[in-house]
Amino acid sequence: MNDSKDETPHLISRRTVAKTAAWAAPAIALAAASPAHAASSGEVAMILFDADSYEVPALGTITITGTLVPAKGSKVPADIKFNVNFPGATGFYGTPPVVSGTTFSMTVTAYSNATTATLRVSSSNYPAYTPGTTTVTVAKSGAILVGQPSYDVPQDGVISVKGTLQAPQGGTLPDDITLVASTTDGFTVLIQPVVTDNTYELVVRGDSAPGATGTVTVSSSNHPAYTPGTAVLTAVAGDVATGGPKLVWDEHAFVAPGGAPTVITGKIILPPGMTSLPAGFTLVVQSATETWKVLENPVITGPDTFSVTVSGPTGRPAMCIMLVLSPSHPEFRGALAYVTNF
């Protein structure tokens with residue numbers, strides 16, 4: 001006959017404690033030779049988490065908090081140390097709890113192979129503290145959302161594709177997230193995605209004849225857990241010259257290093273029969289973003305050419321649309337160009 005009792009400590013959650021008020025029961029204090037053994041199995045001292053479960057962003061980190069409940073009449077030992085483990089599971093890492101008074105905090109990181117696990121925290125030098133447990137689960141991954149399901153791309157023309165970044169449930173967007181866009185044959189990413197807060201913008205050029213279709217895909221190169229976004233591209237007839245006067249930029253996109261004045265250029269297309277610019281012909285350029293500056297009015301550099309000096313913002317990558325118009329002769333159709341500072 002076995003008269004021994006099972007002395008395996010039961011794992012207790014904050015919810016259980018709240019229901020039973022276990023610490024209200026009388027405790028038996030036993031003297032010990034060293035602080036590491038000051039508590040005995042007859043005392044009720046516990047490590048409690050503030051929640052029964054937590055969601056950790058995929059490939060991300062969260063802070064988990066809890067409370068240390070000392071035995072009745074005792075205080076939390078100043079030299080208490082902890083063991084952190086995830087029994088039977090892989091893919092998670094937890095830092096040792098940092099204690100402040102009777103509360104503690106720690107961080108948990110989920111790696112690529114993490115799914116769901118039990119987080120167990122015990123005291124290595126005060127074993128009378130009942131270990132605390134909670135469940136950690138990988139949160140739903142974040143997503144890269146494209147603004148529209150489909151886009152028409154003019155042949156030999158460009159369009160702007162905009163979208164948003166959706167953080168994982170309970171998580172935040174990483175500050176260093178980098179996006180990469182790719183297209184199928186017949187289309188070209190002219191400007192890679194430029195991220196601003198939780199939005200992004202990129203520029204696609206059409207290289208195919210009208211009627212061709214393809215896709216654009218936006219993914220993260222350094223946070224692959226974010227679900228890529230896709231959209232359908234359809235080539236349509238471009239802005240073919242009809243013989244009317246118009247303004248044309250020399251490039252679809254220009255690079256203007258942050259803070260450095262940069263000259264961007266274009267051409268003035270005269271209608272048939274017109275050999276010189278009309279008297280009093282003038283141009284203006286408008287910037288679609290306040291941080292991009294037009295440093296001087298457009299300069300007509302020849303019988304059919306013009307230039308504009310602009311300055312881009314410093315800091316993180318940014319993109320802007322420049323619009324050139326003729327206020328004196330509005331029959332000259334205006335033109336758009338994209339400018340980046342990287």
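We did not get these values from a lab; they are worked out from the coordinates using the rules stated. Quick caveat: nothing in here was measured; it's all calculated off a predicted structure. Positions of Cβ are generated from backbone atoms using ideal geometry, with glycine treated the same way; all protein chains shown enter the neighbour counts.
Each of ALA237 and GLN148 was given a label point 7 Å from its Cα along the Cα-to-Cβ line. The distance between the two points is 1.9 nm.
Springs between Cα atoms under 10 Å define the GNM used for the chain, and in it the highest mean-square fluctuation of THR230, THR116, THR63 occurs at THR63. For the chain, the longest piece that avoids every one of the trypsin sites (Lys or Arg not before Pro) found in DSSP loops with at most 11 other C-beta atoms within 10 Å covers 76-342.
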